[in-house]
Structures are given as C-alpha cells and as structure tokens.
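Below is one structure, written out as structure tokens; comments come after it.
The values are calculated or read from the model by the stated rules, or taken from the named source; none is laboratory data. If you're wondering where the values come from, they're calculated on a predicted model, not measured in any experiment. Every residue, glycine as well, gets a Cβ built from its backbone with ideal geometry; the counts of neighbours run over all protein chains shown. Side chains included, ligands, DNA and RNA excluded: accessible areas come from the protein's heavy atoms. Shrake-Rupley method; radii C 1.70, N 1.55, O 1.52, S 1.80 Å.
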Amino acid sequence: MRGLAAASVSSTVERRATSAPDDLFASAAAAGVHRLAIPTPFAVGRVNVYLIDDEPLTLVDAGPNSGTSFDELQRGIEGLGHALEDIELVIITHQHIDHLGLVSLVAARAAAAVAAIDVAVPFVENFSAEAQADDDFARELMLRHGVPADVVAALQTVSQAFRAWGARADVTRPLHDGEALALRDRTMHVHHRPGHSPTDTVFHDQDRRMLLAADHLLAHISSNPLLTRPRDGSAQRPKALVQYLESLAATREMDVDLVLPGHGEPITNHRALIDQRFTLHRRRADKIHRLIEQRPRSAYEIAQELWGDIAVTQAYLTLSEVLGHLDLLASDGRVRELTEAGASVWAPT
Ligand SMILES: [Zn+2]
C-alpha cells in the first residue's frame, strides 16, 4: 500500500479454500516456504512475509518499519531455527511500505543482498522523494476529480505520517521480467504484474506449482488498483485497473496449485478467484455507467454514491477504484471525461 492506502474498499465474501488455511501454509512450509504474519499499523492487518529455507536463506518482503514489526520478524525467524543475521537475500515484491519498510534494516543487520524488479529500483532507492512526488500527484488528481480541498489536505497529513513506516533500501540485485531466480533447491520465475502497484512482482516455482503473489491476488479482498503517477514523464496517468486486469489474465494462465499472498490466507483455486474478480469489476463498471447515464458526475460523487460517507483515509483508495472503472468504460467507448477549469466530470458517450 501507499501511505494512504490502508485497505481495500471492496471486501467481498470469499469461497473458502477446500483445505484449511493452516494446512495450506503447512504444505508450503514442507516445501521450505514459511509464512510469518507481521503486524502493521494499517487497516489491512498483518502482512505475510515468507522465509524460504534454501541457499541463499531468503526473506520475501520484511514488513513495515516499526519496532514491533521488527521484534516479531526476528522472533519468527528464530522460531524457524535461524537468526535474522543469517538472512542472505531479501526479495521485495512491490513498493508498498507494509512490505518494504524493514528491508534496509534487515539487509544491514544481515549483510544480505536485496532483490527487486528493475522498475522498482528507483522507487525503493529514493523512497522519500518518490513518496512525496506520489503525494503531489495524488493531491492534483483528487482536486481535479472533486475531492473537497479539506479532505485532500487531511489525507496529505496522514500520508506524510505514514511515510515513517517506509524506508529506502539499496537494491543490489535488480530482477527482470521473465528471468529465473535460482536458489539451491528451487528456481523461481520472476514475472512483472503491474496494477495493484506499478512494481508488483510474482515468483513462480514451476516444479512445486507454487506462486508467491504478494498483493497481486488476495483471497479475502480485491486488490486496489492504486493510481500512480506516470514514470515515463508523460502527461497521461497509467490506467491501473486496465493494467491490473491484464496482469490477472496472465496469472490466470499459469499452472499453480497454491498461491501464497501478501495478506491473509493461501489460495488454491486461483482461476475461480480471478474469475470472481473479473465479474466484480465488470459489475462495478456497469453500476458506475448507470450512475453516469442519470447525469454527468465527478469521480468523487460516484464514490459517494457507491460507498456513502467516505473516511478521509479512504478518499484516495475509493477515487482510484472509481477512476479505474471509468478508464475501463472509456476504453469501451461508454463514457468520456469532460474537463472545465481543471475539474473533471464524466458523461455518457
Ligand atoms: Zn500492496
């Protein structure tokens, strides 16, 4: 998550896995992949960090930058018969602070290498400046799409405070989409899956039919397609939900039996879950389309129609959800954005 992005706005009731979650984590552990649920101060709850008992001894994500989280991480690693100082490689799944905040501390203590997908490197290495630039982008976007100025100001304050749970890290081992990351006992194929964030990366163990998916696919909530600023200097903002659905479609094609997510329980039938997500987003887009057919509205008005009074901390999340679906509708030629004096409303075509 970004500082502002405490949790998904769209909880959906989920099918239960056929096996109990504990058994599924146990089967991952039997393959040397151990889940450590590390506390976060955010609404999303604990974050799943994974210790891969292999050579190099590998940690996938590290948790947010807090003393409590660090203590639990250290104890969890010790409970598995290792010391934090034994970690040799830390892999970052994506740029959100609940996953990367402790990376640099762990890497420094353990003299570990740090791996992340190449597109994440500038963000991870320049965390503060990048986070500030994201906040500036978010402010402009919120004002343009009807979020009241006092809400925007309050959210910026919250976001600045949240930034303390992140921290920069040096990436010593940049990864590339499609490459194979070989440990002694396993090979993990690296796949870039942007959408939830621009840097989401999944790690596929083809032999064990296991996927470390972080926040790309979660069982209990739909992942937010958070809007982020363009990195290529273009004026067009990336269409996060459109990208996300493309990424999900690619994951749907993968042959995996077990998906280990960044929050919550493991997933055994990823295709059914992804199909549910496709249905959810299609329905939400249709609902938004009906609202716009009644009359043109700003994205913020649509968010209020969908979710009622929105907590300050949810303002950017909900705006990202709505704009994501408006992007889908626009690419289908069903809505268009009308901008006047820097303010946008959406109208039917
Ligand atoms: Zn995330």
Worksheet item: Percent of accessible area on the chain owned by carbon and sulfur, 1.4 Å probe?
Response: 49 percent
Worksheet item: With charges only on Cβ, +1 for K and R and -1 for D and E, what is the dipole size of the chain about its Cα centre, in debye, rounded to 20?
Response: 1060 debye
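Helix-only mean residue ellipticity at 222 nm, the chain, DSSP H runs n ≥ 4 weighted -39,500 (n - 2.57), per residue, nearest 500. What is it?
-12000 deg cm²/dmol
At 37 °C and a viscosity of 0.692 mPa s, what translational diffusion coefficient does Stokes-Einstein give for region 72-161, taking Rh as the Kirkwood radius over Cα pairs? Give it in µm²/s as a whole number.
Numbers: Rh = 15.3 Å.
Translational diffusion coefficient: 214 µm²/s.
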Worksheet entry | Antiparallel DSSP beta bridges within the chain, percent to nearest 5 | 70 percent
Worksheet item: Label Phe137 and Glu253 with points 7 Å out from Cα along Cα→Cβ: what is the distance between them in nm?
Response: 2.7 nm
Discussion item. Taking just the alpha carbons, could you work out the radius of gyration and Dmax for region 184-266, both in angstroms?
Written reply: 13.7, 45
Worksheet, complete the sentence: For the chain, the longest principal axis of the Cα atoms and the Cα long axis of helix 149-162 enclose an angle in degrees, to the nearest 10, of 10 degrees
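Where does the chain land on Rg/Rh, using Cα atoms and the Kirkwood Rh? It would help to have the intermediate numbers written out before the result.
Values: Rg = 19.9 Å, Rh = 20.5 Å.
With Rh from the inverse mean 1/r over Cα pairs, Rg/Rh is 0.97.
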Worksheet, complete the sentence: Helix 315-331 sits off the longest principal axis of the Cα atoms of the chain, rounded to the nearest 10 on a 0 to 90 degree scale, by 70 degrees
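Quick one: if the Förster radius is 22 Å, what FRET efficiency do Ala153 and Glu337 give, using the C-beta to C-beta distance and rounding to 0.05?
Numbers: r = 25 Å, r/R0 = 1.12.
Approximately 0.35, to the nearest 0.05.
Just the number please: accessible area per residue for the chain, 1.4 Å probe, all protein chains included, in Å². If you can, show how the numbers build up before the last one.
On the way: 13530 Å² over 349 residues.
On a per-residue basis, the chain sits at 39 Å².
Assuming a viscosity of 1.567 mPa s and a temperature of 4 °C, what translational diffusion coefficient in µm² per second does Stokes-Einstein assign to region 121-230, Rh being the Kirkwood radius over Cα pairs? Display every interim value, and only then the final one.
Values: Rh = 16.3 Å.
Translational D for this selection: 79 µm²/s.
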